[in-house]
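Contents: one structure, followed by commentary.
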Amino acid sequence: MKYIFTAAILLVLTSRLVAQQDLSQIVEENTQTNAKEYVTATFKGLKIINAETIETCKKHDLEFDIQHRFGDVATNGNVNVHTFFGLDQASDIRFAFEYGITDQLQAGIGRSRGIEPYRELYDFNLKYKLLQQTTNNKMPLSVTLFGVAGVSGRKSSTDSTSDAYYEGNWSHRWSYVTQAIIARKFSPGVSFEIVPTWTHRNYVDYQDENDMFSLGIGGRVKITKRMAIIADYFHNFSQYRADAKDANGNKLYFDPLSIGLEIETGGHVFQLMFTNSEGILENSYLPQTKSNWGDGEFRWGFNLSRNFTLGGKKW
């Protein structure tokens, strides 16, 4: 009887142990299933070409950016041979630093040569990763918020009717752009984004608009392990820009369109492109693109970025 009782106790204990092991296994499997595995490297850089991407600098990483736009390849259909297809000229140049405060929050400063009327343009920007796509598609999209303030350091025009007349009013020098960047990585080689954009300029030319809504699209298609085709486009919903003509009666403003090649080389991301936008900063190229692809008025350009990891020091 004693042996039967002992066997019964062992059987009960064994059954409970097996049940606990099965329950632990189920909980572990469910935990693994429900874990958020985020999609990474939707884009390789902070920009596609002109358009910002959903990417931000990692915490304590510092990125140094150099962006350059040359002169038009052609003007009104006539190839600019004497400027070596525009390479002798520079329409805009920008240097910038972007720093990762956290993995989600990035701050940056930059300085651009600028285009008319926004010469000597200094910019200050913030970028925040609000949502991130997951591998299980419970979050199918990534969303990043971006805002930039630009201020012109140029000498004020003496013409009081000019949009570069800043005498007596410092606020006239400022302009702002706000974006919600919505992106999805469809496969390891294909990513796409849309970019609703709001531009506000404190001071504009006669009949121009202080506020303007634009919608941008952009994408990246990988062609080799380290190379990809990139492109972006913005349409401005502006009646003024749709109707404005130059002195010869030709359309004055055009939507910015860019296409290029991206090359990743270790800590560098190098982008070569053709674009009809003269300006580099959103505050410039969105309201002031006056070059027409159809007339050969597009230019070479490049973006070069170098990432530096400053370590895990807590501030």
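The values are calculated or read from the model by the stated rules, or taken from the named source; none is laboratory data. Only a predicted model underlies this, so the values are computations on that prediction, with no experimental measurement involved. Methodologically, a virtual Cβ is constructed for each residue, glycine included, from the backbone with ideal geometry; neighbour enumeration extends over all protein chains shown.
If you scan segment 280-307, which residues turn out to be part of a loop (DSSP other than H, G, I, E, B) and within 25 Å of L62 (Cβ to Cβ)?
I280, L281
So that you can scan it fast, the table gives a plain yes or no per residue for (1) outside the structural domain of G45 (by TED's automatic domain parsing); (2) in contact (Cβ under 8 Å) with a residue 12 or more places away in the chain; (3) crowded, with 19+ Cβ neighbours inside 10 Å; (4) of a type in the set (G, A, S):
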{"site": "L130", "(1), (2), (3), (4)": "no, yes, no, no"}
{"site": "N136", "(1), (2), (3), (4)": "no, yes, no, no"}
{"site": "F146", "(1), (2), (3), (4)": "no, yes, yes, no"}
{"site": "G150", "(1), (2), (3), (4)": "no, yes, yes, yes"}
{"site": "Y176", "(1), (2), (3), (4)": "no, yes, no, no"}
{"site": "K185", "(1), (2), (3), (4)": "no, yes, yes, no"}
{"site": "F192", "(1), (2), (3), (4)": "no, yes, no, no"}
{"site": "V195", "(1), (2), (3), (4)": "no, yes, yes, no"}
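Does G266 satisfy the criteria of being under 22 Å from E55 (Cα atoms), assigned by TED's automatic domain parsing to the domain that holds L121, among the small types (G, A, S) and under 17 Å from the mean Cα position of the chain (by Cα)?
Answer is no for this residue.
Among the residues in segment 206-222, are any acidic (D, E) and within 17 Å of the chain's Cα centre (by Cα)?
The answer is no, given that none of the residues of segment 206-222 is acidic (D, E) and within 17 Å of the chain's Cα centre (by Cα).
Taking A247, is it assigned to a loop (DSSP other than H, G, I, E, B) and free of Cβ contacts under 8 Å to residues at least 24 places away in the same chain?
yes
So that you can scan it fast, the table gives a plain yes or no per residue for (1) in contact with a His (Cβ under 6 Å, 6 or more places away or on another chain); (2) at pLDDT 90 or above:
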residue	(1), (2)
Y166	yes, no
V177	no, yes
A183	no, yes
G189	no, yes
E193	no, yes
P196	no, yes
D205	no, no
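Looking only at segment 62-89, which residues are part of a strand (DSSP E or B) and either of a type in the set (A, V, I, L, M, F, W, C) or at pLDDT 95 or above (or both)?
Listed by number, the residues that qualify are L62, E63, F64, D65, I66, Q67, H68, R69, F70, A74, V79.
One line per residue, one yes/no per condition, for (1) closer than 23 Å to N125 by Cβ; (2) of a type in the set (G, A, S):
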| residue | (1), (2) |
| --- | --- |
| S162 | no, yes |
| S187 | no, yes |
| V190 | no, no |
| E193 | yes, no |
| Y206 | no, no |
| D211 | yes, no |
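Please go through segment 164-181 and give me each residue that is of a type in the set (G, A, S) and not in a strand (DSSP E or B), ordered by number.
A164, G168, S171 - these are the residues of segment 164-181 that are of a type in the set (G, A, S) and not in a strand (DSSP E or B).
If I filter segment 99-110 for residues that are buried (at least 16 other Cβ atoms within 10 Å of the Cβ), within 24 Å of T178 (Cα to Cα) and of a type in the set (D, E, K, R), do I get at least one hit?
Scanning segment 99-110, I find no residue that is buried (at least 16 other Cβ atoms within 10 Å of the Cβ), within 24 Å of T178 (Cα to Cα) and of a type in the set (D, E, K, R), so the answer is no.
What residue, of V177, V190, V151, V195, is β-branched (V, I, T), closer than 25 Å to L215 by Cβ and in contact with a helix residue (DSSP H, G or I) (Cβ under 9 Å, 6 or more places away or on another chain)?
Step by step, each of V177, V190, V151, V195 is checked, and only V177 is β-branched (V, I, T), closer than 25 Å to L215 by Cβ and in contact with a helix residue (DSSP H, G or I) (Cβ under 9 Å, 6 or more places away or on another chain).
What residue, among those in segment 203-220 that are of a type in the set (S, T, N, Q) and part of a loop (DSSP other than H, G, I, E, B), is surrounded by the most Cβ atoms within 10 Å (Cβ to Cβ)?
Filtering segment 203-220 for residues that are of a type in the set (S, T, N, Q) and part of a loop (DSSP other than H, G, I, E, B), the one surrounded by the most Cβ atoms within 10 Å (Cβ to Cβ) comes out as N210.
Would you mind finding the one in H200, H268, H235 that is surrounded by fewer than 18 Cβ atoms within 10 Å (Cβ to Cβ) and either over 30 Å from S162 (Cα atoms) or among the aromatic types (F, W, Y) (or both)?
H268
Just wondering, is there one or more residues in segment 90-110 that are farther than 25 Å from W198 by Cβ and aliphatic (A, V, I, L, M)?
Scanning segment 90-110 turns up at least one residue that is farther than 25 Å from W198 by Cβ and aliphatic (A, V, I, L, M).
Exactly one condition in (1) under 23 Å from G301 (Cβ atoms); (2) modelled with pLDDT of 95 or more is not met by S142; state its number.
(1)
Given the criterion without any contact (Cβ under 8 Å) to a residue 40 or more places away in the chain, within 13 Å of R69 (Cα to Cα) and not charged (D, E, K, R), identify the matching residue among N276, N303.
From the options N276, N303, the qualifying one is N276.
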